[in-house]
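Below you'll find the structure, written out as structure tokens, and then a few comments.
The values are calculated or read from the model by the stated rules, or taken from the named source; none is laboratory data. Keep in mind it's a predicted model, so treat the numbers as computed, not measured. Neighbour counts run over all protein chains shown; Cβ positions are idealised from the backbone, glycine included. Protein only, heavy atoms only, side chains kept; ligands, DNA and RNA dropped before computing areas. Shrake-Rupley method; radii C 1.70, N 1.55, O 1.52, S 1.80 Å.
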Amino acid sequence: MRRRDFITFFGGAAATWPLVVHAQKSLPRIGWLVFGDAERLGPVDQSLKDALAQAGILDGRNVEIVFRYANGVPDRLVELATELVAQRPTLLLAIGGDVIKPLFEASKGSVPIVGGVSDNPIRSGIAVSLARPSKNFTGITFLTDEMAAKRIELLKQVAPNVRKVGVIFNPQHFDDEVTFARRGAESLDLELTAYPINVIADLDTALKGVEASRADSLLVISSRLTGVVAAKIAQYGQERRLPVIASWREFADSGALLSYGPSRSFEAKRLVGYVQKVLKGEKPADLPIEQPVKFELVINLKTAKVIGLTVPSSLLGRADDVIE
């Protein structure tokens with residue numbers, strides 16, 4: 001090699017060396033398990049994704065985000081959780097207790113997990129307490145057990161003549177909302193009967209039970225499963241002129257009369273703070289699991305008209321959103 005070519009070769013190599021070193025520097029890796037699909041994130045996951053971007057946490061720039069999508073198939077969650085753990089992520093991210101539980105079990109305590117859950121994280125075994133989780137999960141709980149009695153009160157306000165409440169719930173969802181709802185019903189001298197559904201196919205049997213009991217109203221305990229069948233439950237209520245109430249606004253959007261509970265999209269945005277803290281090295285075991293701070297009352301006036309119900313103006317005045 002001639003001297004000029006030799007200098008050119010090593011001079012060019014020296015000039016590019018810092019870039020090579022920089023390119024080899026690994027970014028923090030976030031493993032994100034999504035219940036839905038890549039084409040259309042659910043509103044809660046999308047809220048979290050937008051909030052991460054707004055906070056400057058950007059895939060390919062200062063973090064690497066590895067997604068796995070269950071495409072709405074619960075049986076895939078365990079396999080996908082195992083795949084994500086094998087990616088050696090800095091932290092794992094998910095929305096929903098049914099999604100976080102497989103991550104928790106696959107990680108065996110070795111990877112920090114940040115997420116939002118609507119079931120009880122203590123009963124599900126992913127935390128020792130809200131104040132001091134003591135394990136590898138932390139984040140936000142959408143838990144609304146205590147609000148179940150409040151929803152029964154709202155039902156009585158919007159439909160004063162109701163006497164029998166049918167409750168549709170998923171017993172695999174770790175919460176005590178049925179118990180709290182029952183207490184609320186007893187205080188208002190209402191009869192409450194619960195109908196469990198473990199899979200979608202159970203809904204028809206549950207609704208037959210509701211009809212046989214002559215229930216004049218429905219309370220839906222919000223969960224991933226009941227959310228999937230929300231529109232069918234709402235249609236059932238409209239056809240039989242029964243008020244249907246739940247906690248997540250998605251139920252009111254699907255045709256239920258009323259929803260009252262935490263704004264999950266708002267609460268999901270609060271998870272960004274947890275992601276930032278864990279990326280800086282803080283341990284989930286020491287970060288308190290926070291409870292909801294923003295609740296919303298949504299009333300569907302179109303449904304009220306269909307079932308022949310006049311919503312009191314005092315209740316409409318308190319609504320955060322009215323669907324007309």
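In the stretch 280-321, inverting the average of 1/r over every pair of distinct C-alpha atoms gives 13.8 Å as the Kirkwood radius. Taking every protein chain into account, the accessible area of the chain amounts to 49 square angstrom per residue (probe 1.4 Å). If r is the Cβ-Cβ distance from T193 to A231 and R0 is 30 Å, what FRET efficiency results, to the nearest 0.05? Calculated value: 0.85. The charge dipole of the chain, taken about the Cα centre with unit charges on the Cβ atoms of Lys, Arg (+1) and Asp, Glu (-1), comes to about 1000 debye, rounded to the nearest 20.
Size descriptors for the stretch 138-237 (Cα atoms only): Rg and Dmax, in that order, 13.1, 43 Å.
Between S129 and K305, the FRET efficiency from the beta-carbon distance, with R0 = 56 Å, is close to 0.75. Our Cα-only numbers for the chain put the radius of gyration and Dmax at 24.2, 99 Å.
As a fraction of the 1.4 Å probe accessible area of the chain, surface on carbon and sulfur atoms comes out at 52 percent. With N the number of residues in the stretch 71-229, Rg(Cα) / (2.2 N^0.38 Å) evaluates to 1.19. What is the helix-to-structure angle for 202-212, meaning the angle in degrees between its Cα long axis and the longest Cα principal axis of the chain, kept from 0 to 90 and rounded to the nearest 10? Orientation of helix 202-212: about 20 degrees from the principal axis. Choose one of I113, G125, I233: the residue whose Cα lies farthest towards the positive end of the charge dipole of the chain (beta-carbon charges +1 Lys, Arg; -1 Asp, Glu; about the Cα centre). In the chain, that residue is I113. Cα extents for the stretch 223-324 along the principal axes, largest to smallest and rounded to whole angstrom: 56, 30, 17.
Label-to-label distance for D204 and A86 is 3.9 nm, based on points extended 7 Å past Cα in the beta-carbon direction. Overall shape of the stretch 158-300 was characterised from the C-alpha gyration tensor. The equivalent ellipsoid obtained from it has semi-axes of 32, 15, 15 Å, in decreasing order. Computed log10 I(q)/I(0) for the stretch 106-160 at 0.14, 0.16, 0.26 Å⁻¹: -0.48, -0.57, -1.01, from the Debye equation with unit scatterers placed on every C-alpha and solvent omitted. Note on the stretch 33-119: Rg/Rh from Cα positions, Kirkwood definition for Rh, rounded to two decimals, is 0.93.
What is the distance in Å between the Cα centroid of the stretch 171-218 and that of the stretch 85-157? Result: 24 Å between the Cα centres.
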